[in-house]
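The values are calculated or read from the model by the stated rules, or taken from the named source; none is laboratory data. On a predicted model such as this, the values are computed, not experimentally measured, just so you know. Here the Cβ positions follow ideal geometry from the backbone for every residue, glycine too, while neighbour counts run over all protein chains shown. Accessible surface is based on the protein model in full, side chains and every heavy atom, while ligands, DNA and RNA are left aside. Shrake-Rupley method; radii C 1.70, N 1.55, O 1.52, S 1.80 Å.
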Amino acid sequence: MDYTEVHFQVEPQSTGTEILIAMLSQIGYESFMETDDGLTAYIQSPQFQLADLDELRLRLSRRRKRLGSG
């Protein structure tokens, strides 16, 4: 099976990475590797949808605004 690799820059990394992993898991991402500046996530290539990432970005943006940090 082929996988698509997606890299995310995360700030703050400590709590942001945990939240991002939870959200990505809900849309089919299967494995994760923390990096110096964020997270690399893997999903089976047939399941990869750019629209899912756009929706995720929107959800994270709304979350930041609710928390008063963005």
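Considering the range 22-66 alone, what residues qualify as being at pLDDT below 95 and aromatic (Phe, Trp, Tyr)?
Passing the criteria: none in range.
When the range 10-39 is examined, which residues are found to be open to solvent by 40 Å² or more (accessible area, probe 1.4 Å) and in a helix (DSSP H, G or I)?
GLN13, SER14, THR15, GLU18, ILE19, ILE21, ALA22, SER25, GLN26, listed by residue number.
Hey, can you tell me all the residues within the range 40-70 that are of a type in the set (Gly, Ala, Ser), surrounded by 10 or more Cβ atoms within 10 Å (Cβ to Cβ) and assigned to a loop (DSSP other than H, G, I, E, B)? Explain how you work it out, then say what you get.
Looking only at the range 40-70, we keep the residues that are of a type in the set (Gly, Ala, Ser), and these are 41, 45, 51, 61, 68-70.
The next check asks that each one be surrounded by 10 or more Cβ atoms within 10 Å (Cβ to Cβ); those that pass are 41, 45, 61, 70.
Within the range 40-70, just GLY70 meets the criteria.
Cβ-Cβ below 8 Å, separation at least six or inter-chain, first residue in the range 29-42 and over 17 Å from PRO12 (Cβ atoms), second open to solvent by 60 Å² or more (accessible area, probe 1.4 Å) and in a loop (DSSP other than H, G, I, E, B): which pairs?
TYR42/GLU30
Residues being modelled with pLDDT under 90 and either closer than 20 Å to ASP54 by Cβ or under 12 Å from the mean Cα position of the chain (by Cα) (or both): count how many of those fall in the range 1-12. Outline the logic, then answer.
Residues of the range 1-12 modelled with pLDDT under 90: 1, 10-12.
If we keep only those that are either closer than 20 Å to ASP54 by Cβ or under 12 Å from the mean Cα position of the chain (by Cα) (or both) too, we end up with 10-11.
Summing the residues that are modelled with pLDDT under 90 and either closer than 20 Å to ASP54 by Cβ or under 12 Å from the mean Cα position of the chain (by Cα) (or both) in the range 1-12 gives 2.
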